[in-house]
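Structure record follows, encoded as structure tokens.
Laboratory data are not the source of any read-out in this text; all were calculated from the coordinates shown. From a predicted model like this one, the values you see are computed outputs, not experimental measurements. A quick note on method: Cβ atoms are made from the backbone with ideal geometry, for glycine too, and the neighbour counts reach across all protein chains shown.
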Amino acid sequence: AEAHIGLIGLGTMGSALALNIAEKGFPIAVWNRTTEVTHRFRAEADELADRILPCDTLAALVAAIAPPRAIILMVPAGQAVDDQIAALAPFLGPDDLVIDAGNANFHDTNRRDAAGLPFRFLGMGVSGGEEGARHGPAIMGGGARADWDRVAPVLTAIAAKAEDGTPCADWMGEAGAGHFVKAVHNGIEYADMQMIAEVYGILRDGLGMPAEDIAGVFRGWNEGVLKSYLIEISGEVAAAVDPVSGGPMLDVILDSAGQKGTGRWTAVEAQHLGTPIPVIEAAVMARNASARRAERAAGEARFGPGPRRVEGMTTETLEQALIAGKILCYAQGFGMIAAASTAFGWSLDMAAIARVWRAGCIIRSAMLNDMAAALAEDPARNLILAPGFAAMLEETVPALRQVVAAGALNGLALPALSAGLAWFDTMRTARGTANMIQAQRDFFGAHGFQRVDGLDRPHGPWGKA
Ligand code: NDP
């Protein structure tokens with residue numbers, strides 16, 4: 001047994017993660033369902049090959065790892081994970097540890113955690129795509145703290161480092177907590193991407209800007225408050241030229257977005273938890289609607305072209321609107337995490353989550369530094385009430401109003417930005433309109449209500465009384 005750790009599943013993510021682990025000095029044993037992939041992987045590992053032990057069988061893999069063993073699973077979420085767990089069970093002892101590093105639904109991780117497996121088990125969210133896995137992902141661990149601590153030296157070594165040097169790898173909480181936090185990360189990722197796409201739509205259709213100018217706008221924004229991986233790659237994407245047509249790459253890409261479902265899980269879970277995340281929900285809706293191309297074409301044929309030119313809109317206004325939308329979206333995401341922490345008894349550390357997201361992952365951004373600081377100050381407070389963010393919202397919400405209004409008046413669909421604004425206005429209105437809802441419910445269902453004066457008269461003067 002020479003390997004420090006093992007890994008199963010040498011696909012896109014698994015092979016990148018294995019190379020990262022080997023590079024940081026940890027000998028790693030690897031096994032893949034298709035054996036030739038294992039051998040090709042080692043052959044192509046160049047100077048890292050002497051730290052990689054290719055194994056043809058699970059028995060050989062287990063034998064190659066120093067006990068107590070740790071084995072990372074990087075296979076598709078769902079049945080493949082259950083199958084691999086079952087296949088490993090005969091070879092492992094109670095002190096060995098299996099780490100599911102795929103995008104598992106956290107309910108599955110909770111189930112596996114509670115299933116009384118014959119070995120230790122961690123569920124771990126990994127973000128950053130292939131590039132992140134190879135050179136530094138963000139890692140969100142879930143399970144028993146002691147099991148996390150055992151593998152933390154490897155995981156912190158391979159993780160991305162924030163600007164202050166802190167590794168973006170941390171234990172989030174028990175059982176499915178790591179995969180849950182990863183799911184919310186992906187929900188926020190959907191929302192960030194959607195808001196950028198909506199602003200791109202205004203630049204393209206509302207202002208009639210060509211792609212290369214849009215690239216310049218995004219590049220400028222990446223020097224300011226919006227500095228982030230997603231704004232950076234949006235600039236690169238807008239600047240790219242299609243090798244076939246010679247025109248902008250963006251202009252030849254079909255407007256129908258794919259998804260693997262993690263954003264949808266987040267939206268569905270938010271409904272179960274009763275926690276409002278309208279910006280993320282709007283982003284999931286927008287991806288679903290994007291797939292209905294023929295229906296959208298029929299709509300345009302019937303009602304005429306949607307987007308009209310927008311007058312008097314500056315790129316500064318759009319930048320401010322995006323800043324506001326982003327703060328509102330993250331406030332919702334952290335609100336959902338707080339709700340889950342209570343519902344599942346996890347004691348999630350909100351500031352630690354913001355810190356883990358600062359580097360390596362897709363939603364990494366300059367703003368997450370300030371969010372981590374604000375959440376460390378008061379994790380229970382709605383992020384929109386943290387003094388720094390409240391001040392930023394006061395400054396930027398007027399621009400968000402202007403942009404959402406321009407979208408409404410000119411037929412530009414802005415589902416995520418408008419959802420953010422509507423949520424903001426809901427959350428800053430002390431006397432809302434649910435008194436009407438309560439009256440209606442009492443009228444047709446005798447559900448009763450509470451009175452503002454505290455009197456015990458829970459029904460209205462309608463019906464039989
Ligand atoms: P790939 O399709 O590239 O690789 C899948 C790997 O799993 C292959 O090694 C494959 O082996 C193996 N595999 C597939 N089915 C089974 C099975 N039934 N039993 C055993 N092994 C199996 O996937 P990715 O690397 O992209 O994704 C792996 C996991 O990581 C997923 O959960 C994904 O959601 C998650 N993830 C992916 C990210 C990405 O950017 N791609 C980012 C973050 C997480 P074989 O060679 O035999 O086919």
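A few remarks follow.
- Relative to the dominant Cα principal axis of the chain, helix 293-303 is inclined by about 10°.
- Around A286: net Lys/Arg minus Asp/Glu count, Cβ-Cβ under 13 Å: 0
- By the equivalent-ellipsoid construction on the alpha carbon gyration tensor, the range 247-351 comes out with semi-axes of 33, 20, 13 Å, ordered largest to smallest.
- Rounded D (µm²/s) - the chain, Kirkwood Rh over Cα pairs, Stokes-Einstein at 37 °C, 0.692 mPa s: 135 µm²/s
- Two-site FRET efficiency, S256 against R451, from Cβ-Cβ distance with R₀ of 51 Å, rounded to 0.05: 0.50
- Eigenvalues of the alpha-carbon gyration tensor of the range 310-459, scaled by 5 and square-rooted, set the equivalent ellipsoid semi-axes at 32, 25, 13 angstrom, largest first.
- Peptide ranges 328-339, 113-124 listed from the most packed, as the mean C-beta count within 10 angstrom indicates: 328-339, 113-124
- The range 30-52 and the range 426-456: distance between their alpha carbon centers, rounded to Å: 64 Å
- Highest mean first, the peptides 204-212, 185-193, 259-267 sorted by other C-beta atoms within 10 Å per residue fall in the order 185-193, 259-267, 204-212.
- Gyration tensor verdict on the range 183-427 (Cα atoms; rounded if a/c is under 1.5, prolate if a/b is larger than b/c, oblate otherwise): prolate
- Eligible lysines near K326 by straight Cα distance, threshold 30 Å, same-chain separation 8 or greater: K161, K182, K227, K260
- The range 5-175: Cα Rg divided by the 2.2 N^0.38 Å rule of thumb: 0.95
- Pairs of Cα atoms nearer than 8 Å and 6+ residues apart set the relative contact order; for the range 317-383 it is 30 percent.
- Phi-based couplings in Hz for the range 192-208 (Karplus 6.51, -1.76, 1.60; Gly and Pro marked x): 4, 5, 5, 5, 5, 5, 5, 5, 4, x, 5, 4, 6, 8, x, 9, x
- The range 163-182-the range 83-146 distance, computed between alpha-carbon centres (Å): 13 Å
- Packing rank of 87-98, 435-446, where each peptide gets the mean count of other beta carbons within 10 Å, highest leading: 87-98, 435-446
- Where GluC sites (Glu not before Pro) fall in DSSP loop in the range 24-61, at most 13 other Cβ within 10 Å: E44
- Formal net charge of residues neighbouring I8 (Cβ-Cβ distance under 14 Å; K, R +1; D, E -1): -3
- Part-to-part distance (alpha-carbon centres) for the range 259-292 and the range 184-231, which is given in Å: 20 Å
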